[in-house]
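The values are calculated or read from the model by the stated rules, or taken from the named source; none is laboratory data. Worth saying up front: this structure is predicted, and the values here are computed from it rather than measured. Cβ placement follows ideal geometry from the backbone for every residue including glycine, while neighbour counts extend to all protein chains displayed. Heads up: the accessible areas ignore ligands, DNA and RNA and are worked out on the full protein's heavy atoms, side chains in. Shrake-Rupley method; radii C 1.70, N 1.55, O 1.52, S 1.80 Å.
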Amino acid sequence: GASVTARAQQPAAPKEYLIQNATVMTVTKGVIENGSVLIRDGKIAQVGKNLKGSANATVIDAAGKFVTPGVIDCHSHIAVDGSVNEGSLSVTSMVRVADVIDPTDSGIFIGLSGGVTASNILHGSANAIGGQNAVIKMKPNRPVDEVIYKNAPPGIKFALGENPKRSNFGGGGAPARYPRTRMGVEDVIREAFTKARDYKAVWDRYNADVKVGKKTAVLPRRDLQLEPLVEVLEGKRLVHSHCYRADEILMLIRVARDFKFRIATFQHVLEGYKVAKEIAAAGAGASTFQDYGGYKVEAFDATPYNTAIMWKAGINVSLNSDDGERQRRLNTDAARAVRYGGVPEDEALKMITINPAKQLGIDRWTGSLEAGKDADVVIWSAHPLSAYAVAEKVFVDGQLEFDRQTAVRDADARRAESARLVEQGK
């Protein structure tokens, strides 16, 4: 509440910023030395050299610093504390993460401190087919309507392997629930899409009858569980699937081929290197951890070279966090992709900017520094792939949402106030 009040009392932020004298890493159009970025009305107005702003522009001298588009996290669970998993059913495609987004969650601010400007907030992995996701812009303490990114196409979370077959939940009092094997996980998905295909056929017939004026057409009963799956079949909803093992990756590729839908991303995909050619042929993306594995049985075959192998196979690869703390270090994850497998620096930077934007269907609006795109911009103290780099200023839709100098000063003030209150209570 206090932070919301403080924001409301601040003067209106300037609508125009001119960042000058920086190394501008556009991601899609090369690097501009001693470059400038002009931000106006929430958009990138210009990118180049020796740019001029209006008399009202706030000028930022970024000499010796680096400017990039904002980091995008394709797999996150921040801002939905206590509402990640609806684990009661094997198919919960009717539930929506967007309905439980909490803009006051501290994870948004923490992500901003690492240059993150957008996150894909996913349902948990307790279900073969989980809930509908929400892509958010990192705007702390704002109305939910301002946080949810309306340009993002709708998506849905799938999950394969141990989690949907409840291997990790049996000892915690969770009731037994079908499926209990990887075979059962496939069956659940196939059965759900068989029902969705039949449901679509009923509605297609009804709509055709209405179009020709058939008076005997009877309105079908709506099914909120099947409607999102029909959208998948129609190419209107993106599939983001939690997975680990090569066998289950190939299984979902076969299911998608049989039902003629596309998988937008395999999430985690730690054994993607074993079936990289098949993933590439399916046109699916891979959103993975850079060097995080071995934390459960199905993650034992992880390798830090997974990222490079999938990238070399022609897969659109992004690096994700799946964790509110790891999220603010995605730039160093990108740096490790250079170390393990020799991914070029410019390609590694794409893995946390334009690549996840493409996976989420928002690359027309964000993910690179180009005129006309959303002003999601980060000023770094050093090269963003350096272990010493920190995000100094982070703009989201042209609004300065994070300023490290201000954040440090406010944190010092809070610590001093806390110490004063402790002393006063003695």
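Whether any residue in segment 112-134 is open to solvent by 40 Å² or more (accessible area, probe 1.4 Å), touching a residue at least 12 places away in the same chain (Cβ under 8 Å) and under 29 Å from residue 350 (Cα atoms) is what I want to check. There is no residue in segment 112-134 that is open to solvent by 40 Å² or more (accessible area, probe 1.4 Å), touching a residue at least 12 places away in the same chain (Cβ under 8 Å) and under 29 Å from residue 350 (Cα atoms).
For segment 82-108: of the residues being among the polar types (S, T, N, Q) and not in a helix (DSSP H, G or I), which is farthest from residue 228 (Cα to Cα)? It comes out as 104.
Put simply, of 276, 208 the only residue that is under 24 Å from the mean Cα position of the chain (by Cα), modelled with pLDDT of 95 or more and of a type outside the set (Ser, Thr, Tyr) is 276. Picking from residues in segment 265-292 that are of a type in the set (Gly, Ala, Ser) and in contact with a Gly (Cβ under 6 Å, 6 or more places away or on another chain), the one that is least open to solvent (accessible area, probe 1.4 Å) is 286. Residues in segment 215-226 that are surrounded by fewer than 11 Cβ atoms within 10 Å (Cβ to Cβ) and either touching a helix residue (DSSP H, G or I) at 6+ places or on another chain (Cβ under 8 Å) or modelled with pLDDT of 95 or more (or both): 216, 218, 219, 221, 222, 224.
I'd like to check something: does segment 78-85 contain any residue that is open to solvent by 20 Å² or more (accessible area, probe 1.4 Å) and more than 26 Å from residue 151 (Cβ to Cβ)? Checking segment 78-85: at least one residue is open to solvent by 20 Å² or more (accessible area, probe 1.4 Å) and more than 26 Å from residue 151 (Cβ to Cβ). Just to be sure I understand, how many residues within segment 344-358 are closer than 12 Å to residue 72 by Cβ and either over 19 Å from the mean Cα position of the chain (by Cα) or open to solvent by 40 Å² or more (accessible area, probe 1.4 Å) (or both)? Number of matching residues: 2.
Inside segment 369-384, can you point out the residues that are in a loop (DSSP other than H, G, I, E, B) and buried (at least 23 other Cβ atoms within 10 Å of the Cβ)? Give the derivation first.
The first filter runs over segment 369-384 and keeps only residues in a loop (DSSP other than H, G, I, E, B), leaving 369-373, 375-376, 381-384.
If the condition is that a residue be in a loop (DSSP other than H, G, I, E, B) and buried (at least 23 other Cβ atoms within 10 Å of the Cβ), then 369, 375, 376, 384 are the ones that fit.
Please verify whether segment 56-77 includes one or more residues that are open to solvent by 40 Å² or more (accessible area, probe 1.4 Å) and within 30 Å of residue 184 (Cβ to Cβ). Within segment 56-77, one or more residues are open to solvent by 40 Å² or more (accessible area, probe 1.4 Å) and within 30 Å of residue 184 (Cβ to Cβ).
In this structure, does residue 335 turn out to be in contact with a strand residue (DSSP E or B) (Cβ under 9 Å, 6 or more places away or on another chain) and either open to solvent by 20 Å² or more (accessible area, probe 1.4 Å) or touching a residue at least 24 places away in the same chain (Cβ under 8 Å) (or both)? So residue 335 does not fit the description; no. Figure legend. Inter-residue proximity from segment 65-81: first residues on the phi > 0 side of the Ramachandran plot and part of a loop (DSSP other than H, G, I, E, B), second residues at pLDDT 95 or above and among the aliphatic types (A, V, I, L, M), beta-carbon distance below 8 Å, spacing 6+ or different chains. Indicated pairs: 79/101; 79/108; 79/121; 79/136; 79/147. Looking across segment 292-322, the residues that are of a type outside the set (A, V, I, L, M, F, W, C) and out of contact with any Ser or Thr (no Cβ under 8 Å at 6 or more places or on another chain) come down to 292, 294, 295, 296, 298, 301, 303, 304, 305, 312, 314, 316.
Matching residues to (1) outside any strand (DSSP E or B); (2) modelled with pLDDT of 95 or more; (3) of a type in the set (Phe, Trp, Tyr):
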residue: 157; (1), (2), (3): no, yes, no
residue: 166; (1), (2), (3): yes, no, no
residue: 171; (1), (2), (3): yes, no, no
residue: 178; (1), (2), (3): yes, no, yes
residue: 184; (1), (2), (3): yes, yes, no
residue: 187; (1), (2), (3): yes, yes, no
residue: 192; (1), (2), (3): yes, yes, no
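You will find that of 361, 341, 324, the residue that is touching a strand residue (DSSP E or B) at 6+ places or on another chain (Cβ under 7 Å), in a loop (DSSP other than H, G, I, E, B) and surrounded by fewer than 24 Cβ atoms within 10 Å (Cβ to Cβ) is 361 and no other. Using the structure shown, decide if residue 105 is closer than 30 Å to residue 385 by Cβ, open to solvent by 10 Å² or more (accessible area, probe 1.4 Å) and acidic (Asp, Glu). It is true that residue 105 is closer than 30 Å to residue 385 by Cβ, open to solvent by 10 Å² or more (accessible area, probe 1.4 Å) and acidic (Asp, Glu). Taking the criterion of being open to solvent by less than 50 Å² (accessible area, probe 1.4 Å) and assigned to a loop (DSSP other than H, G, I, E, B), the residues of segment 386-402 that qualify are 386, 389, 397, 398.
Within segment 293-311, the set of residues being buried (at least 16 other Cβ atoms within 10 Å of the Cβ) and assigned to a helix (DSSP H, G or I) comprises 298, 299, 306, 307, 308, 309, 310, 311. Quick one: would you say residue 359 is at pLDDT below 95 and over 16 Å from residue 68 (Cα atoms)? No.
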